[in-house]
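Enquirer: Below: one structure in structure tokens.
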Amino acid sequence: MRYLVTLQVNRTSYPVELEVGRTLLSVLRGELGLTGSKEGCDDSECGACMVLIDGRPVNSCSYLALQAAGRQITTVEGLASGTKLHPLQQAFLEHGAVQCGFCTPGMLISATALLAANPDPTEDEIRAGLSGNLCRCTGYVGIVAAVRSAAAELANAD
Amino acid sequence: MPDLTTRTEPLGAVVVEPGTITPGRARGAGPLRREGPAKLTGDAKYADDLVSPGAWYGGTIRSTDAHARFIALDLDPAFDWSSVVVVTASDIPGDNIVSSIKSDQPILVPLGGEIQHHAEPLALLAAPDRATLRAARHAAHPRTEKLPAIFDSLASDHLFATYELAAGDPEAAFAAADLVVEGEYRVGHQEQLYIENNAMIAVPQEDGGVTVTGSLQCPYYVHAALKRGLGLNDQQARVVQAETGGGFGGKEEYPSMIALHAALLAGKAGQPVRMIYDRHEDLAATTKRHPAIVRHRTGVTHDGRLIAQDIEVVMDGGAYATLTPVVLSRGAIHAGGPYRCPNVRIRARAARTNTPPNGAFRGFGAPQVQFAAETQLNRIAEMLGMSPLEIRRRNVYKIGDTTPTGQVLRDSVAGEEVLERAAEAGEFERLRARHHSARQRREGSGTVPGSPLRTGRDRFASGVGLALAWHGAGFTGSGEVKLASVVSIELTAEGQIRILTASTEMGQGTKTIFPQLVAEALDVPIDAVELAPQDTAFVPDSGPTVASRTAMVVGGLLIKAARRLRGEVEASTGGAFAATYREFARSHGPLRIDQRFEPYPGVGFDDATYRGDAYPAFGWAACVAQVDVDLDTGEVHVRDVVAADDIGRVIHPVLAEGQVEGGTLQAVGYATIEEIKLRDGRYLNDRLATYIIPTALDAPRITTILVEAPFSGAPHGAKGAGELPMDVGAPAVVAAIADATGAWIGDLPASPERILAALSGVAAVAPLPPGASEPAT
């Protein structure tokens, strides 16, 4: 049984016909060609597949695509404005928060959600906000510094 | 202390500018990561992101026995096999061997052959869609006859390699020693846990060859494996690196296996085949860090000088040799730690067991042995009533000292410098004194049964620990000479400067520092230099991207090539390269400079006698770790780490700090939570829910101090950075646990179970030694 639904991803509407068991991650990466969201474990452990659904961070590997119909989905591809990086992306670049890059999309999504909920987080709050995303390259030092720097940048821009 | 601002002995190399000490993090320095924007926007294409029209999905049928004879592959006749390709060993056109140091590992176990480990590949399947592949897997049943298996490396008499190092007269020195200390240390498996699983896509070509694109560190290792296993020539086998989501050694040798599997399926199906491992398969089947048992007997004088070391190292290689002989070699050479000792005997062996093969992982044998050496030295200091800092001051290598291979340390020796920098920034002596008095207070205030240090008031105990290590930069012994790596720089007819190397980017920064080094040598903007893709059809074999050799060895070759290019252009035009190279290209056409590795002056190693300069230079690292131990649960929180690392000339501070920070956290994970449990030779915790690594909340604050003792043999003075921090974190954490609790944990990881067992003297359920396999139930 397949269902025709419309997914709203990064402010674009995508009509897709789906079987019920499909995960949001597989549809984003397959039918929609948005391969920025990664599969690292397919187990909700690593956070590489994280996307925003109505502003909340969700592991898309463990979320049914049909559940996402009618909701606003944001992936890493939706963060930059044209060729201009989002302040979080720019801060990640400058602070050495990107190494292999595989955790980066999910990490950026978690950081986006964190700063939306808490625009001026402490270091401990940043670490807690990112604790659903595993990184094996950086020791998290550059990532924490980048989020803190982006928070300051965004606060000044307001 | 040596003055690090001058070279100690010129070796005929280009003069290195005076070194400086870089305190703390140097943000904003160095060019931005070249491929960073693509990774940040989701544009970067990792293997599973690549579209390959018409591609089939490949899968592997694996052994569920640790040791058995492979009798048959039964294909369920009720299943429709018409749209499935099945590959067995009889389909292999070339040698059924995964090309590596020893030719012992089959691509697929042949019918009638012996299965040597759990999860060993027996057969391959491919189907046009995932559902068919999944159904086919359930319809294919290997039939086997179990054979007796060996899981204990001490009981195995099948040895992959042995090494012995000797100096002086250890027995006479032991007789003369004021104190002789024995210790046994055991470390288990560790998984690299790159966040991107292994992945390969094979596309058959019209010439009978195959192009394989995937997640890998060493394009030419895969290239050699394809040629041998498939009987292809240099052109028919083509290997392309996709963006690679971390390696840490875990994508050094195993990608050859996966590439062969994907290529065999693609050849038989006549279609592209994707082999994308999921996390479970990646954890269950691919290589881990070698478990090791290290025994020390050390003779010291009452004033803390090492006079005799007798060290036995036994590594568990798993079922096949992979890179084990060279892992063991590095382990043997580093086993004594960075200390002068005139009378030494080091015996090292690696044994085969019926467990999945162990292989390359950041540190490559050195973290295991230096955990043992450092914990042994910290215990000796405690027995002598001496500070761990002071005992290291008295023994650390200095310029002119001789190592167990007979290597005289003439250049770039910074053990003292990193030791003092870390101890000072980490406030080691002040914290140690504070914890000492806290422990006295606690011991005086009564105990709670089962947890001797626990008092009503103090549930947590704090401690500080110190460790020091050395790490040979680049390949061991004559490795670089045999590799004879080549790099090229091309000035195209269009006036573009292009770097051609096989060195891969896997997060460490290759794609940023190579253009940076070449741009500096040519005095052009970094954006004027481009990097050719890591594709064996275009780039020369610059050796594998391993052993912390990329910045030091390959970077050095690029500088030499750039200088030659500059010289030729400037000699022809009479003007500065930057101002004239475009005009030169237009008038003279393209110019390509190939630069081959030449032995570092004055550096030589004799493989037959196992003596000489084991490495052209060593990196030096010290670490001060602070922990809080929960005396009720045995949990350890590593709160703060100060890491001082001498990596020679720092090319890019942000990237270098990233290496130290990431390596330090991997070492903290190794020390505290990362462990593979086995039953009957099978990994039990082969999912990310059960093999755990540190999150941002578990990670300590890490302060990095980069120390620069330039290596005079390299034109830029750089040494390796990647592996060094992996050597010191674990012994520093274990020393901090001992400082907090008084208990020395000799087995890694220092898990809550092991800590509680050590604190109480009894354990409800005694933890198995690391790396041991419990019997089947």
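Enquirer: Can you find, among A:15, B:54, B:550, the residue sitting farthest towards the positive end of the charge dipole of the protein assembly as shown, where Lys and Arg contribute +1 and Asp and Glu -1 at Cβ?
Expert: Final value for the positive-end residue is A:15.
Enquirer: Tell me the angle of helix A:141-157 to the major Cα principal axis of chain A, expressed in degrees between 0 and 90 and rounded to the nearest ten.
Expert: 90 degrees
Enquirer: So, in nm, how far is label residue B:69 from label residue B:399 when the simple model puts each one 7 Å beyond its Cα toward the Cβ?
Expert: Modelled inter-label distance: 6.6 nm.
Enquirer: Also: Per residue and in Å³, how big is the convex hull formed by the alpha-carbon atoms of chain B?
Expert: Given the Cα convex hull of chain B, per-residue volume reads 163 Å³.
Enquirer: List the chymotrypsin sites (Phe, Trp or Tyr not before Pro) within the range B:48-102 that fall in a DSSP loop (any state other than H, G, I, E or B) and whose Cβ has at most 14 other Cβ atoms within 10 Å.
Expert: When the chymotrypsin sites (Phe, Trp or Tyr not before Pro) of the range B:48-102 are filtered for loop state and at most 14 Cβ neighbours within 10 Å, B:79 remain.
Enquirer: Taking the Cβ of residue B:81 as the centre, find all other residues whose Cβ is under 14 Å away and add up their charges (Lys, Arg: +1; Asp, Glu: -1).
Expert: Computed value for this residue: -1.
Enquirer: Can I ask one more? Would you grab the residues whose amide H sits under 5 Å from the one on residue B:94? Only those 5+ places off in sequence or on another chain, please, with H modelled 1.01 Å from N.
Expert: B:230, B:231
Enquirer: Moving on to the next point. Please list, by residue number, everything in the range B:738-754 whose backbone N is under 14 Å from a paramagnetic label point 7 Å out along Cα→Cβ of residue B:458.
Expert: Of the residues in the range B:738-754, B:738-743 have backbone N under 14 Å from the label point off residue B:458.
Enquirer: When the chain is fully extended, how far beyond the present Cα-Cα distance does residue B:768 get from residue B:131, taking 0.36 nm per residue of separation?
Expert: Extra length from residue B:768 to residue B:131 when fully extended: 225.3 nm.
Enquirer: Among all stretches of chain B without exposed GluC sites (Glu not before Pro) (DSSP loop, at most 14 other Cβ atoms within 10 Å), which one is longest?
Expert: In chain B, the maximal stretch lacking such sites is B:207-493.
Enquirer: Further question: Taking R0 as 45 Å, what's the FRET efficiency between residue B:141 and residue A:123 from their Cβ-Cβ distance, rounded to 0.05?
Expert: Step by step, r from the Cβ atoms, then E = 0.25.
Enquirer: What distance in nm separates the simple spin-label points at residue B:596 and residue B:639, each placed 7 Å from Cα in the Cβ direction?
Expert: Computed distance between label sites residue B:596 and residue B:639 equals 5.8 nm.
Enquirer: So what's the convex hull volume per residue for the Cα atoms of chain A, in Å³?
Expert: 105 Å³
Enquirer: Something else: Among A:59, A:133, A:118, which one shows the biggest mean-square fluctuation in a GNM of chain A, springs joining Cα atoms closer than 10 Å?
Expert: Among A:59, A:133, A:118, the largest GNM mean-square fluctuation belongs to A:118.
Enquirer: Apply the Karplus curve 6.51 cos²θ - 1.76 cosθ + 1.60, θ = phi - 60°, to the phi angles in the range B:426-440 and return the couplings in whole Hz, x for Gly and Pro.
Expert: x, 6, 4, 5, 5, 5, 4, 5, 5, 5, 4, 5, 5, 5, 4
Enquirer: GNM, chain A, Cα, under 10 Å: largest mean-square fluctuation among A:146, A:117, A:48?
Expert: Looking only at A:146, A:117, A:48, the biggest GNM fluctuation is shown by A:117.
Enquirer: Additional query: Taking the Cα centroid of the range B:693-743 and of the range B:266-337, what is the distance between the two, rounded to the nearest whole Å?
Expert: Each part's Cα centre sits 19 Å from the other's.
Enquirer: Ratio of the range A:87-157's C-alpha Rg to 2.2 N^0.38 Å, to two decimals?
Expert: For the range A:87-157, the normalised Cα radius of gyration comes out at 0.96.
Enquirer: Next question, about the same structure. Using the basic label-point model (7 angstrom from Cα toward the beta carbon), what is the residue B:576 to residue A:157 distance in nanometres?
Expert: 3.8 nm
Enquirer: Let me ask something additional. How much length, in nm to one decimal, is gained on full extension between residue B:484 and residue B:158, taken as 0.36 nm per residue of separation minus their Cα-Cα distance?
Expert: That pair, residue B:484 and residue B:158, stretches by 114.2 nm at full extension.
Enquirer: Going by alpha carbons, how many degrees (0 to 90, nearest 10) lie between the helix axis of A:104-117 and the longest principal axis of chain A?
Expert: Between the helix axis and the principal axis of chain A, the angle is about 80 degrees.
Enquirer: Still on this structure: Taking residue B:560 as the anchor, which lysines have their alpha carbon closer than 21 Å to its alpha carbon, excluding any fewer than eight residues away along the same chain?
Expert: Counting by Cα, and skipping residues close in sequence, residue B:560 has these lysines nearby: B:482, B:511, B:719.
Enquirer: Let me ask you something else. What FRET efficiency comes out for residue B:520 versus residue B:753 if R0 is 60 angstrom and r is the Cβ-Cβ distance? Round to the nearest 0.05.
Expert: E(calc), rounded to 0.05, equals 0.70.
Enquirer: By how many nm would the segment from residue B:528 to residue B:205 grow when fully extended, if each residue of separation counts as 0.36 nm and the alpha-carbon distance is taken off?
Expert: The residue B:528-residue B:205 span can extend by a further 112.8 nm.
Enquirer: If amide H atoms are built 1.01 Å from N in the plane of the peptide, which residues on other chains or at least 5 residues away come under 5 Å of the amide H of residue B:308?
Expert: Excluding prolines and chain starts, which carry no amide H, the hits are B:299.
Where a number appears in this text, it was derived from the coordinates with a stated rule and is not lab data. All values reported here derive from a predicted model rather than from experimental measurement. Backbone-built Cβ (ideal geometry, glycine too); neighbour counts: all protein chains shown.
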